[in-house]
């Protein structure tokens, strides 16, 4: 049995543009809300998180010591403490995006 998630107005408007919406969405008793398949919701959320994370990471103010730290700490991709903090992860994303932009 497929699970559905209730999406209210105005968020549901973004889903209404999708090809699958008419076949798969179910109007709720509230006329401005729809139930959409859980899989469709999470696919969209993951895409949003990736795009928004990249956008926000590029806006993060950084300095040269942070860049040096990330480059040295993650050179072999196996840090001694066993994992990246959230901040380190965002810094790493920013510097990776900058590197790929410079290579383009």
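Report whether or not residue 100 is within 19 Å of the chain's Cα centre (by Cα) and free of Cβ contacts under 8 Å to residues at least 40 places away in the same chain.
Taking the combined requirement at face value, the residue satisfies it.
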Exercise. Output the number of residues of segment 23-49 satisfying the condition of being over 30 Å from residue 93 (Cα atoms), assigned to a helix (DSSP H, G or I) and touching a helix residue (DSSP H, G or I) at 6+ places or on another chain (Cβ under 9 Å).
Key: 1
Exercise. Keeping to segment 62-80, report how many residues are part of a loop (DSSP other than H, G, I, E, B), modelled with pLDDT of 80 or more and surrounded by 10 or more Cβ atoms within 10 Å (Cβ to Cβ).
Key: 1
Quiz prompt | Residue satisfying condition, being assigned to a loop (DSSP other than H, G, I, E, B) and surrounded by 10 or more Cβ atoms within 10 Å (Cβ to Cβ), within set 52, 18 | solution = 18
Self-check item: Test: residue 34 is under 30 Å from residue 7 (Cβ atoms) and modelled with pLDDT of 80 or more
Solution: yes
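The values are calculated or read from the model by the stated rules, or taken from the named source; none is laboratory data. None of the values given here were measured: they were computed from a predicted structure. Virtual Cβ from ideal backbone geometry, glycine too; neighbours counted across all protein chains shown.
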